[in-house]
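All remarks here apply to the structure that follows.
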Amino acid sequence: MRHRIAVIGAGPAGLTFARVLHRHDHPVTVLERDPAPDARPPGGTLDLHAGMGQLALDKAGLLTRFQALSRPEGQAMRILDTDGTVLRDWRPRPGDRANPEIDRGQLRDLLLDSLDVQWGRGVTRVVPGDRDGVLVHFADGRQERFDLVVGADGAWSRVRPAVSPATPHYTGVTLVETSLDDVDTRHPDLARLIGDGSVAVYGVNRGLVAQRNSGGHVKVYAQFRAPLDWHANPDRHLGLNRRTNLDRGRDADLDTGLDLADAEAMRSGLLALFDGWAAPVLDLLRRGAAFVHRPLHVLPVDHTWAHVPGVTLLGDAAHLMPPLGVGANLAMLEGAELAESLAAAPGDLDEAVRAFEEQMWARAGRWAKITLAGLDRLVSPDPAQAIALFDEVQSS
């Protein structure tokens, strides 16, 4: 009898896992709390590395289709000084496909294809099982049993408590995301500033990054060191001075708190935080649409757990780390590797899962240390540290 396998979460990790199992003719149930694939914005662009995300897609039989969708030109990277001076301008060589970019929505659709996903199935709790299997509790009150439950449900995983008491902790760095649409037509000056890939500017304990997606869409990320509740008193926590904000035409009163849901208040606060930077750089914020608050959380770099039969984790659920181009790649590779191991298992899933976890922990631990150290250099009291980090990456 075939094993009953469920993966919780229809992100890159869960879908890659399901696609590879599907390719090996093994049934898998994909459970996702979102009611539909397009229920919320899919997020920005991802660079898939040749030996990680692209390898996973190859195992899923999707590499050729990925190559047709991806944007090798998106590997371009430009770094500016706060006064607008170009400090670095890296462009991919012809034929360079080491880390081409793809929109998250495009990647999701590529992985979904013919997979049967059960949408709107929010999981509340997973109870490790007995001979009858692992019990999954759903938000609608229903329950279902499986032989193996794979948690690929992200940073705030509902599966993780079944194997580990660990919870994400705040890094001290917050991102605020905004976006520009139809940039080449509506904002040609900013399109030239960004180029084909990304542009980044680094100052003392803060930075601005703009990243081109497909279709003329640009994601802009303001990043800065601050307490988690910085918005309760931006004056004190960010070192801002109250002033009459000319962009709004009224007193900003930043010491009375900043409403994260008020786009104009967020814009004003960010412009004050980056005051003195070059006007074209600040235009990335002035012309942005809605602002989304994204404090960065991570799991401990050495996060492991005592093996629990019938339950395991992938991706952010297992090893949440700073978003420096590795997390999705690792998650997809793990999904593909676990699926291949299970497909090759002679009958005992537990042995295959144990071996996978040992391999995952060792590799993820190395990357967690690298990315956490990278975040410390990118959002640093010494902006030269950020440029030095990029120099090291580009030379490798």
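The values are calculated or read from the model by the stated rules, or taken from the named source; none is laboratory data. The structure presented is a predicted model; accordingly, all values stated were derived computationally and were not measured. All Cβ positions, even for glycine, are placed from backbone atoms using ideal geometry, and neighbour counts span all protein chains on display. We work out accessible area using only protein heavy atoms, side chains counted, and drop any ligands, DNA or RNA first. Shrake-Rupley method; radii C 1.70, N 1.55, O 1.52, S 1.80 Å.
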| Taking the range 90-104 as the search range and keeping residues that are open to solvent by 70 Å² or more (accessible area, probe 1.4 Å) and of a type in the set (D, E, K, R), which one is nearest to D391 (Cα to Cα)? | R91
| note | Taking the range 140-198 and keeping residues hydroxyl-bearing (S, T, Y), in contact (Cβ under 8 Å) with a residue 40 or more places away in the chain and more than 30 Å from E357 (Cβ to Cβ) leaves T174, T178, S179, S198
| note | Here the qualifying pairs (Cβ atoms under 6 Å; residues six or more apart or on different chains; first in the range 355-370 and in contact (Cβ under 8 Å) with a residue 60 or more places away in the chain; second open to solvent by 90 Å² or more (accessible area, probe 1.4 Å)) come out as G365/D302
| query | Has the range 379-387 got any residue that is among the polar types (S, T, N, Q), under 30 Å from V220 (Cα atoms), under 15 Å from the mean Cα position of the chain (by Cα) and assigned to a helix (DSSP H, G or I)? | reply | no
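Of everything in the range 130-171 that's of a type in the set (F, W, Y) and within 18 Å of P300 (Cβ to Cβ), which residue is most open to solvent (accessible area, probe 1.4 Å)?
Residues of the range 130-171 of a type in the set (F, W, Y): 138, 146, 156, 170.
Pick out the ones that are also within 18 Å of P300 (Cβ to Cβ) and you get 156, 170.
Values: W156: 153, Y170: 51 Å².
Only one residue tops the list, namely W156.
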| request: Filter the range 163-175 down to residues that are in a loop (DSSP other than H, G, I, E, B) and among the polar types (S, T, N, Q) and give me whichever is nearest to the chain's Cα centre (by Cα). | output: T167
| task | Residue by residue through the range 1-28, note down the ones that are within 20 Å of G122 (Cα to Cα) and open to solvent by 20 Å² or more (accessible area, probe 1.4 Å). | result | R4, G11, P12, V28
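Check whether at least one residue in the range 117-129 is under 25 Å from G61 (Cβ atoms), open to solvent by 20 Å² or more (accessible area, probe 1.4 Å) and modelled with pLDDT of 95 or more, and report yes or no.
Here is the first cut: in the range 117-129, the residues under 25 Å from G61 (Cβ atoms) are 117-119.
Adding the requirement that they be open to solvent by 20 Å² or more (accessible area, probe 1.4 Å) leaves 118-119.
Then keep just the ones that are modelled with pLDDT of 95 or more; that gives 118-119.
Among the residues of the range 117-129, at least one is under 25 Å from G61 (Cβ atoms), open to solvent by 20 Å² or more (accessible area, probe 1.4 Å) and modelled with pLDDT of 95 or more, which makes the answer yes.
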| note | Reported set for the range 140-162 where residues are more than 10 Å from A6 (Cα to Cα), not in a loop (DSSP other than H, G, I, E, B) and not charged (D, E, K, R) is Q143, P161, A162
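Being surrounded by 18 or more Cβ atoms within 10 Å (Cβ to Cβ) and not in a strand (DSSP E or B) is the requirement here; does L31 meet it?
Working: surrounded by 18 or more Cβ atoms within 10 Å (Cβ to Cβ): yes; not in a strand (DSSP E or B): no.
Criteria not met by L31.
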| field | Qualifying positions in the range 257-307 - among the small types (G, A, S) and more than 24 Å from the chain's Cα centre (by Cα) | value | G257, A265, S268, G269, A272, G276, A278, A279, A306
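Does H3 meet the test of being within 24 Å of Q143 (Cβ to Cβ) and either of a type outside the set (A, V, I, L, M) or assigned to a loop (DSSP other than H, G, I, E, B) (or both)?
Numbers: within 24 Å of Q143 (Cβ to Cβ): yes; either of a type outside the set (A, V, I, L, M) or assigned to a loop (DSSP other than H, G, I, E, B) (or both): yes.
Yes; evaluated as a whole, the condition is true for this residue.
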| Is it true that some residue in the range 43-52 is open to solvent by 70 Å² or more (accessible area, probe 1.4 Å) and either closer than 24 Å to Q211 by Cα or not β-branched (V, I, T) (or both)? | no
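Among the candidates E351, E334, which residue alone is of a type in the set (D, E) and either in contact with a Lys or Arg (Cβ under 7 Å, 6 or more places away or on another chain) or surrounded by fewer than 20 Cβ atoms within 10 Å (Cβ to Cβ) (or both)?
Details: E334 fails: either in contact with a Lys or Arg (Cβ under 7 Å, 6 or more places away or on another chain) or surrounded by fewer than 20 Cβ atoms within 10 Å (Cβ to Cβ) (or both).
Answer to the check: E351.
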| said: For the range 215-243, give me the residue count where each residue is open to solvent by less than 40 Å² (accessible area, probe 1.4 Å), over 18 Å from L285 (Cα atoms) and small (G, A, S). | reply: 1
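Determine whether the range 70-85 contains at least one residue that is among the basic types (K, R), exposed (fewer than 15 other Cβ atoms within 10 Å of the Cβ) and closer than 23 Å to L330 by Cα. Give the steps one after another, and end with the answer.
Within the range 70-85, the first condition is being among the basic types (K, R), and the residues that meet it are 71, 78.
In the following step, the residues that additionally are exposed (fewer than 15 other Cβ atoms within 10 Å of the Cβ) were identified as none.
Scanning the range 70-85, I find no residue that is among the basic types (K, R), exposed (fewer than 15 other Cβ atoms within 10 Å of the Cβ) and closer than 23 Å to L330 by Cα, so the answer is no.
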| task | Within the range 280-315, work out how many residues are part of a helix (DSSP H, G or I) and over 26 Å from H237 (Cβ atoms). | result | 1
| Looking at (1) free of Cβ contacts under 8 Å to residues at least 12 places away in the same chain; (2) at positive phi; (3) in contact with a strand residue (DSSP E or B) (Cβ under 9 Å, 6 or more places away or on another chain), can you tell me which one G347 breaks? | (3)
| In the range 181-195, is there at least one residue being in contact with a Lys or Arg (Cβ under 7 Å, 6 or more places away or on another chain), crowded, with 18+ Cβ neighbours inside 10 Å and in a strand (DSSP E or B)? | no
